Amino acid sequence: GENVEQHPSTLSVQEGDSAVIKCTYSDSASNYFPWYKQELGKGPQLIIDIRSNVGEKKDQRIAVTLNKTAKHFSLHITETQPEDSAVYFCAAGFSGGGADGLTFGKGTHLIIQP
Amino acid sequence: EAQVTQNPRYLITVTGKKLTVTCSQNMNHEYMSWYRQDPGLGLRQIYYSMNVEVTDKGDVPEGYKVSRKEKRNFPLILESPSPNQTSLYFCASSSRTIQPTGELFFGEGSRLTVL
């Protein structure tokens, strides 16, 4: 089955700086890569996703890049703000029919220092 | 408001005492799923359901049961809870049917402690 590794487990950055979280996956058949943000006391919420037919996707201060050859994808947050403090999960899955196939990474606790 | 509602949000129980965590969604989603979240282990899927009367095991199904008699409800049943089931549980739903590429909508979580 799919295995998703996520690094780092904790990331502390100064407010205004950029943050990068990296994930690798093992199954070359995976073609869908979402990122979820979990604020304290709440359930995870989708913030951005990318499919394997593109290499990069941006949404304001958030971007995701995908390298299919190396089987890794990354979340980039620019100009970090206090509200970016949360746990972030990457995931990998296969779009194409059959049983459920989303596998999550172990999460990154992002801390924005004022 | 579109939401996934879990109950109870917090529960302390004792080993062996059967309990049910309810989950209900109001978005008419076909797909529903249960996850547990543990420190250092991230989100692990327990069971999922592609539609009414269709359920299947996830990665960590041991000690859990589910049922899907109605589209909106997907309860998680612990027949004989044990301390290793102490965890934070999330229910999620999605409009995806065959393809796992729809957005997952999560509930706010149920923190369970088994003594």
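What follows is calculated from the coordinates using simple rules that are stated; it is not laboratory data. Source: prediction; values computed, not measured. Please note: Cβ atoms are built from the backbone with ideal geometry, for glycine as well, and neighbour counts cover all protein chains shown.
Numbers for the structure displayed
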{"quantity": "Average beta-carbon neighbours from other chains, 10 Å sphere, peptide A:62-69", "calculated": "0"}
{"quantity": "Compactness relative to 2.2 N^0.38 Å, alpha carbon Rg of the protein assembly as shown", "calculated": "1.01"}
{"quantity": "Aspartates and glutamates with Cα under 12 Å of B:Lys17, excluding same-chain neighbours fewer than 8 positions away", "calculated": "B:Glu79"}
{"quantity": "Burial ranking of peptide ranges A:75-87, B:27-39 (average Cβ count within 10 Å, highest at the top)", "calculated": "B:27-39, A:75-87"}
{"quantity": "Within straight-line cross-link reach of B:Lys71, aspartates and glutamates at Cα separation under 18 Å, skipping those fewer than 8 residues along the same chain", "calculated": "A:Asp100, B:Glu1, B:Glu30, B:Glu53, B:Asp56, B:Glu103"}
{"quantity": "Count, lysine Cα pairs under 20 Å in chain A, 8 or more residues apart or across chains", "calculated": "15"}
{"quantity": "Residue order, fewest to most beta carbons within 10 Å, for A:Val13, B:Val54", "calculated": "B:Val54, A:Val13"}
{"quantity": "Most fluctuating residue given options B:Asn26, B:Asn84, B:Asn73, as computed from a GNM of chain B linking Cα atoms under 10 Å", "calculated": "B:Asn84"}
